[in-house]
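Encoded as structure tokens, the structure appears first; notes follow it.
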Amino acid sequence: MKLTRAHPKTNISGKFNSLPVIVNFIAFLLVFGPLNGISSAGKDEYRDKLKRLQLVEGIRIDIFAADVARARHMAFDDQGILFLSQTREGKVVALPDSNGDGEADRAVNILNGRQAPHGLAFARLKSDYYLYVAEETQVVRMKRIGKPFTYGRPEIIIGNLPGGGHFTRTIKIKEGRLYLSVGSSCNVCLERHKIRAAISDYNLDGTGGEIFAEGLRNSVGIEFSPYSGELWGVNNGRDMLGDHHPEEELNIIHRGKHYGWPYCYEDRVLDKDFGMRFDCSKTASPARTFTAHMAPLGLEFYQSGTLPARYNHSVFIAFHGSWNRSVPAGYKVVRVTLDKKGNILSHKDFITGWLGQNGQAWGRPVDIEQSPQGELYLSDDFLGVVYRITGK
């Protein structure tokens, strides 16, 4: 299905103001204090919290960045610098680690005052380098005009996206196409907009939009497999069917396929609310399912890196945690074990403990990304931090 590109008037906000280096540095110190922003007392507090986590053998977790409220999706640029969206804060920041000590030096504002910025991606077009940002009702891009953090004015390339309901938008870029995931407007319903509960793809200037796959209620985490090149995505199932259904899904997403919602769930199970006149046998089955209502939000392929070699060939999934289950579930990172060709073998908990024994959560994982150096980075929008995961 072709999508019509909108050409709304560009809305400009948050342009980086480039000043002489010395003036910038002095101003930064006056406003923010020393570059390494976690105080000794703060470090002690975080160490105490991290002791509550249960880690698999040979893994270490530390705080990379603190005081990044509502930390959501991440992407590394071509300089190896981590960029982070703070969706409910309306911000995108860069988190450089200039001295390589495993802690962000500071948070550099890239965009401010935006409408729910979430998905981030980078692309080089000829000699120009761009940051793409998916907001609730539009996708913008900004050309880098000076390293490391000077970006030009935001340009709207995809506009008039429907808002409300599931309001986060995730983007990935592969081979000259931008893939955009837009969640549903509701728990379960028949959508008016085909772009909802679907993944669409576009040229990198926003033209040539098409529906790529549908029936995906809320696939916040999407990623291309380095093994097969296929698009994989986690999906959040509907609510109000009890504690155990529908199970959360990991899907291998192919062009033109329907993944069930709102008519079917799990492995082609008919949803009696909406599926009575729909043939569920026409839908694609999930590649893997997990405990219901754990809310998977981010995933990352990991072939090798700084973790012990026994964790090579994995997909790591961040589960944000349930909100309407009689027994809370999620609040953890799960490892999906792959063979050397990228086929799924099994899955097992990787990091747990953000949910206390009293049933109260003190952290909620969101997105997980591998750095160019091979480390894993994990955002937490409840504690407002980014963790760094390495081998011991």
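The values are calculated or read from the model by the stated rules, or taken from the named source; none is laboratory data. As the structure is a computational prediction, the values presented were derived from the model and not from experiment. Backbone-built Cβ (ideal geometry, glycine too); neighbour counts: all protein chains shown. Protein only, heavy atoms only, side chains kept; ligands, DNA and RNA dropped before computing areas. Shrake-Rupley method; radii C 1.70, N 1.55, O 1.52, S 1.80 Å.
Considering only segment 197-209, state which residues are open to solvent by less than 10 Å² (accessible area, probe 1.4 Å) and either within 18 Å of Cys264 (Cβ to Cβ) or part of a loop (DSSP other than H, G, I, E, B) (or both).
Ala197, Ala198, Ile199, Gly206
Can you name the residue in segment 61-105 that is in contact with a helix residue (DSSP H, G or I) (Cβ under 9 Å, 6 or more places away or on another chain) and at positive phi and is also surrounded by the most Cβ atoms within 10 Å (Cβ to Cβ) among such residues?
Arg70
Using the structure shown, decide if His293 is assigned to a strand (DSSP E or B) and over 14 Å from Gly221 (Cβ atoms).
Here the answer is no, as His293 does not meet what is asked.
Going residue by residue through segment 314-321, is there one that turns out to be open to solvent by less than 10 Å² (accessible area, probe 1.4 Å), farther than 23 Å from Ala75 by Cβ and touching a residue at least 24 places away in the same chain (Cβ under 8 Å)?
Within segment 314-321 (the criterion being open to solvent by less than 10 Å² (accessible area, probe 1.4 Å), farther than 23 Å from Ala75 by Cβ and touching a residue at least 24 places away in the same chain (Cβ under 8 Å)), the answer is yes, since at least one residue qualifies.
Do we find that Gly233 is part of a strand (DSSP E or B), small (Gly, Ala, Ser), modelled with pLDDT of 95 or more and open to solvent by less than 10 Å² (accessible area, probe 1.4 Å) in this structure?
When the stated conditions are applied, Gly233 passes them.
Under the condition of being of a type in the set (Phe, Trp, Tyr) and either more than 26 Å from the chain's Cα centre (by Cα) or part of a loop (DSSP other than H, G, I, E, B) (or both), which residue from segment 261-288 is modelled with the lowest pLDDT?
The qualifying residue modelled with the lowest pLDDT is Phe274.
Cys280 fails exactly one of the following numbered conditions: (1) farther than 30 Å from Ala361 by Cα; (2) open to solvent by 50 Å² or more (accessible area, probe 1.4 Å). What is the number of that condition?
Of the numbered conditions (1) farther than 30 Å from Ala361 by Cα; (2) open to solvent by 50 Å² or more (accessible area, probe 1.4 Å), the odd one out for Cys280 is (2).
Please go through segment 361-392 and give me each residue that is aromatic (Phe, Trp, Tyr), within 16 Å of the chain's Cα centre (by Cα) and part of a loop (DSSP other than H, G, I, E, B), ordered by number.
Once the filter is applied, which keeps residues that are aromatic (Phe, Trp, Tyr), within 16 Å of the chain's Cα centre (by Cα) and part of a loop (DSSP other than H, G, I, E, B), segment 361-392 yields only Phe382.
Name the residue, out of Gly215, Gly159, Gly183, that is open to solvent by less than 30 Å² (accessible area, probe 1.4 Å), in contact (Cβ under 8 Å) with a residue 24 or more places away in the chain and at positive phi.
Gly215
Give segment 114-145 a look and list any residue that's open to solvent by less than 50 Å² (accessible area, probe 1.4 Å), assigned to a loop (DSSP other than H, G, I, E, B) and either without any contact (Cβ under 8 Å) to a residue 12 or more places away in the chain or touching a Gly at 6+ places or on another chain (Cβ under 6 Å) (or both), or say none.
Arg114, Glu136, Thr137, Gln138
How many residues does segment 340-379 hold that are under 13 Å from Arg52 (Cβ atoms) and among the acidic types (Asp, Glu)?
Here the count works out to 0.
Among the numbered criteria (1) over 20 Å from Val139 (Cα atoms); (2) more than 20 Å from the chain's Cα centre (by Cα); (3) open to solvent by 20 Å² or more (accessible area, probe 1.4 Å), which one does Pro246 miss?
(3)
Can you tell me which condition Met276 does not meet? The list is (1) within 21 Å of Leu120 (Cα to Cα); (2) without any contact (Cβ under 8 Å) to a residue 40 or more places away in the chain, and all the others hold.
All conditions are met except number (1).
Check whether at least one residue in segment 172-180 is open to solvent by less than 20 Å² (accessible area, probe 1.4 Å), hydrophobic (A, V, I, L, M, F, W, C) and assigned to a strand (DSSP E or B), and report yes or no.
yes
Please specify each residue of segment 167-200 satisfying the condition of being among the small types (Gly, Ala, Ser) and within 17 Å of Asn235 (Cβ to Cβ).
Hits for segment 167-200 are Ser181, Gly183, Ser184, Ser185, Ala197, Ala198, Ser200.
Within segment 298-313, can you find the residues that are charged (D, E, K, R) and buried (at least 18 other Cβ atoms within 10 Å of the Cβ)?
Glu300
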